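The values are calculated or read from the model by the stated rules, or taken from the named source; none is laboratory data. What you see is a predicted model; the values in this text were computed from it and never measured. Cβ coordinates were reconstructed from backbone atoms using ideal geometry, including for glycine residues, and neighbour counts include every protein chain displayed.
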Ligand code: CA
């Protein structure tokens, strides 16, 4: 599933967007910090960017996104701020949402922009991995291994869902914390290890090959994604 990076210093907006985007089947990264956003850009398939950030000028982030190539951006602007709109347009944003906005409308725009950029898988479609061994249904928030429904805590489910976003790709603890908890919990990187341990216990025998440890780096899904049928 595509990953949306939400860069927004207002916590309430970040949280509501996370909730709506996740419900629509997206993997979501959030940060209130422009500096952090620059670090997270390579992990994103689309960026929702508030131009009015406290630490870095949003238009500098737009420039950096542009430099990286074809990463779609939806800019959030304050109602009064027409200059933001104009600056954003000049710097090549793909769409605009003016505050206050409906989160549902923003999700629709994210889907529309991603569609324009080469297609977005149907939201909520269950994905299957390792020739059907593992199935993950983001709509239902449920996962099955070898046909058995896994009894996962929300954190464990999020972890599994996060590494499954891109099978084989290694996710650092930092990135997993961000995906599972949001930027506010950045100090908790080590707790990821205990959540992974619990997740593996529930996965049962063979768990170490489903969620693999990459020593010194992080974790990855060890199963390939099956072709959609
Ligand atoms: Ca702001």
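For the reader, a short list of remarks on this structure follows.
Rundown of residues vs (1) within 16 Å of the ligand (Cβ to nearest atom); (2) modelled with pLDDT of 95 or more, yes/no style:
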position	(1), (2)
32	yes, yes
36	yes, no
45	no, no
58	yes, no
74	yes, no
88	yes, no
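- Within the option set 75, 47, 16, 28, being over 20 Å from residue 175 (Cβ atoms), surrounded by 18 or more Cβ atoms within 10 Å (Cβ to Cβ) and in contact (Cβ under 8 Å) with a residue 12 or more places away in the chain holds for one residue only, 75.
- Filter result (within 14 Å of the ligand (Cβ to nearest atom), touching a strand residue (DSSP E or B) at 6+ places or on another chain (Cβ under 6 Å) and outside any helix (DSSP H, G or I)) within segment 1-30: 6, 7, 8, 30
- Lone unmet requirement of (1) in a helix (DSSP H, G or I); (2) over 20 Å from residue 175 (Cα atoms); (3) more than 14 Å from the ligand (Cβ to nearest atom); (4) modelled with pLDDT under 90 for residue 110: (4)
- Unique match (being under 24 Å from residue 24 (Cβ atoms) and either touching a strand residue (DSSP E or B) at 6+ places or on another chain (Cβ under 9 Å) or modelled with pLDDT under 85 (or both)) among 147, 187, 182: 182
- The set of residues from segment 137-177 being under 16 Å from the mean Cα position of the chain (by Cα), assigned to a loop (DSSP other than H, G, I, E, B) and surrounded by fewer than 21 Cβ atoms within 10 Å (Cβ to Cβ) comprises 139, 141, 166, 167, 169, 170.
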